[in-house]
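Here's the structure we're looking at; comments come further down.
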Amino acid sequence: MHSRKFGRTGRDVSEIGFGAWAIGAAWGEVNDGDAVAALHAALDAGVTFIDTADVYGDGHSEKLIAKVMKERGGERPFIATKAGRRLPAQTVEGYSQENLTGWIDRSLKYLETDTLDLVQLHCPPTDLYYHPEVFERLDRLVEQGKIRNYGVSVERVEEALKAMQYPGVVSVQIIFNAFRQRPAELFFDQAKKNDVAIIARVPLASGLLSGKFKADTKFEATDHRLFNRNGEAFDVGETFSGVPYEVGLAAVELIRPLVSGDTTMAKFALRWILMFDAVSVVIPGARNPAQARSNAEAAALPPLSDELMGKVKAIYDQDIKPYVHQRW
């Protein structure tokens with residue numbers, strides 16, 4: 001496992017992290033025993049970055065992480081959580097000092113720690129980025145010792161560019177994968193210039209890029225890949241990266257021949273992301289130990305050739321770009 005600098009925090013993190021949404025909720029039924037084993041397997045494989053949120057399973061994800069930390073002992077990995085989606089409605093006014101403090105205190109309790117490594121505003125409304133007082137409230141929480149760093153998790157590139165104008169923002173989490181390539185155009189260069197860490201989420205386009213799905217694949221009622229396919233519950237970009245399911249399946253079949261026989265499509269998709277040096281860490285999810293180990297193994301793949309990168313870009317430009325590029 002290789003490490004990368006996490007912006008200006010002074011910390012290095014594994015380039016493959018662990019996305020803990022799937023072990024919390026909204027991905028179908030997950031057995032806690034499997035979830036705990038998946039976390040252990042990831043950490044055993046050299047993963048040193050875990051991403052969660054206070055709404056994943058209403059805190060269940062955070063509690064499972066704390067359980068694993070207690071079982072392992074020793075130095076903790078870098079644990080990033082998020083706050084803001086507990087609001088009944090997304091308004092700038094909801095990000096008050098009282099609410100921010102309450103959310104962070106709850107995460108401190110559930111993660112069983114005195115200070116949070118990183119708190120990210122969890123896809124807040126776009127207007128929030130034009131209210132500096134919200135970021136000043138986060139500065140106070142840093143001063144109080146409740147959090148070491150703060151960042152943002154965004155839906156759109158424009159939000160990321162605006163967020164970086166605040167000096168306290170050390171990281172931006174954004175959807176980036178072979179089906180969502182716009183962040184690489186301008187945002188990545190700006191993040192490097194500002195020494196802002198980039199967390200690449202939804203790296204497999206909700207599993208589409210694993211190559212395992214078919215037109216008749218069935219998803220459980222509790223899986224967002226069924227209940228949010230058209231954005232019924234939250235931003236549709238979080239589900240299959242906003243790519244219509246049938247369109248994504250067809251594009252996957254164009255990518256499949258590019259993947260050598262000694263690896264998997266999922267590992268290829270993760271290695272594609274790691275070709276961008278602006279990315280600090282990519283956070284695939286895993287619901288069992290085998291998935292966690294497979295994700296970590298992507299870091300050992302050799303770099304992709306310019307020819308392969310060009311072919312993936314061509315597939316995106318022709319088949320995916322019209323559906324997603326200007327939306328996010």
**Qualifying positions in segment 152-185 - of a type in the set (Asp, Glu), out of contact with any strand residue (DSSP E or B) (no Cβ under 8 Å at 6 or more places or on another chain) and either over 27 Å from Val236 (Cβ atoms) or assigned to a helix (DSSP H, G or I) (or both)** = Glu158
**Fill in**
Apart from one, (1) in contact with an Asp or Glu (Cβ under 9 Å, 6 or more places away or on another chain); (2) among the aliphatic types (A, V, I, L, M); (3) within 21 Å of Tyr323 (Cα to Cα) all hold for Ala205; the odd one out is (1)
**Item:** Answer residue from segment 268-282, given it is closer than 15 Å to Phe179 by Cβ and aliphatic (A, V, I, L, M) and is surrounded by the most Cβ atoms within 10 Å (Cβ to Cβ) among those
**Value:** Val282
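Only one of these is touching a strand residue (DSSP E or B) at 6+ places or on another chain (Cβ under 9 Å) and assigned to a loop (DSSP other than H, G, I, E, B): Asp262, Asp216, Asp277. Name it.
Details: Asp262 fails: touching a strand residue (DSSP E or B) at 6+ places or on another chain (Cβ under 9 Å); Asp216 fails: touching a strand residue (DSSP E or B) at 6+ places or on another chain (Cβ under 9 Å).
Checking each option against the conditions leaves just Asp277.
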**Message:** Just to verify a result, which residue in segment 7-34, among those that are at pLDDT 80 or above and in a strand (DSSP E or B), is farthest from Ala200 (Cα to Cα)?
**Reply:** Asp12
**Prompt:** Out of segment 235-252, which residues are over 11 Å from Ala215 (Cβ atoms), assigned to a helix (DSSP H, G or I) and among the charged types (D, E, K, R)?
**Reply:** Glu238
**Single residue of Ala292, Ala286, Ala299, Ala269 found to be in contact (Cβ under 8 Å) with a residue 60 or more places away in the chain and farther than 20 Å from Arg4 by Cα** = Ala286
**Message:** If a residue must be hydroxyl-bearing (Ser, Thr, Tyr) and out of contact with any Leu (no Cβ under 9 Å at 6 or more places or on another chain), how many such residues does segment 104-128 contain?
**Reply:** 3
**Item:** Checking Glu112 against (1) out of contact with any helix residue (DSSP H, G or I) (no Cβ under 9 Å at 6 or more places or on another chain); (2) at pLDDT 95 or above; (3) on the phi > 0 side of the Ramachandran plot; (4) among the acidic types (Asp, Glu), the condition it does not meet
**Value:** (1)
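Of everything in segment 148-205, what is β-branched (Val, Ile, Thr) and touching a helix residue (DSSP H, G or I) at 6+ places or on another chain (Cβ under 9 Å)? Give them in sequence order.
Residues satisfying the conditions are Val152, Val154, Val157, Val169, Val172, Ile174, Ile175, Val196, Ile198, Val202.
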**Message:** When you check Ala89 against the structure, is it aliphatic (A, V, I, L, M), out of contact with any helix residue (DSSP H, G or I) (no Cβ under 7 Å at 6 or more places or on another chain) and farther than 29 Å from Ala41 by Cα, yes or no?
**Reply:** yes
**Request:** Look at Arg256 and say whether it is in contact (Cβ under 8 Å) with a residue 12 or more places away in the chain, more than 30 Å from Asn194 (Cβ to Cβ) and surrounded by fewer than 15 Cβ atoms within 10 Å (Cβ to Cβ).
**Result:** yes
**Message:** Which count do you get for residues in segment 145-186 that are at pLDDT 95 or above, of a type in the set (Asp, Glu) and within 30 Å of Ala250 (Cα to Cα)?
**Reply:** 1
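Which residue is surrounded by the most Cβ atoms within 10 Å (Cβ to Cβ), if the candidates are limited to segment 174-228 and must be polar (S, T, N, Q) and within 16 Å of the chain's Cα centre (by Cα)?
If we take residues in segment 174-228 being polar (S, T, N, Q) and within 16 Å of the chain's Cα centre (by Cα), then Ser206 is surrounded by the most Cβ atoms within 10 Å (Cβ to Cβ).
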**Asked** Just for segment 57-95: of the residues that are of a type in the set (Ser, Thr, Tyr) and buried (at least 21 other Cβ atoms within 10 Å of the Cβ), which one is farthest from Val281 (Cα to Cα)?
**Response** Tyr95
**Message:** Quick check on Tyr150: is it over 19 Å from Ala80 (Cβ atoms) and surrounded by 16 or more Cβ atoms within 10 Å (Cβ to Cβ)?
**Reply:** no
**Cross-chain or 6+ apart pairs with Cβ under 6 Å, segment 123-152 first and on the phi > 0 side of the Ramachandran plot, then charged (D, E, K, R)** = Cys123/Glu155
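The values are calculated or read from the model by the stated rules, or taken from the named source; none is laboratory data. Given the structure is predicted, the values throughout are model-derived calculations rather than measurements. Positions of Cβ are backbone-derived with ideal geometry, glycine not excepted, and every protein chain shown enters the neighbour counts.
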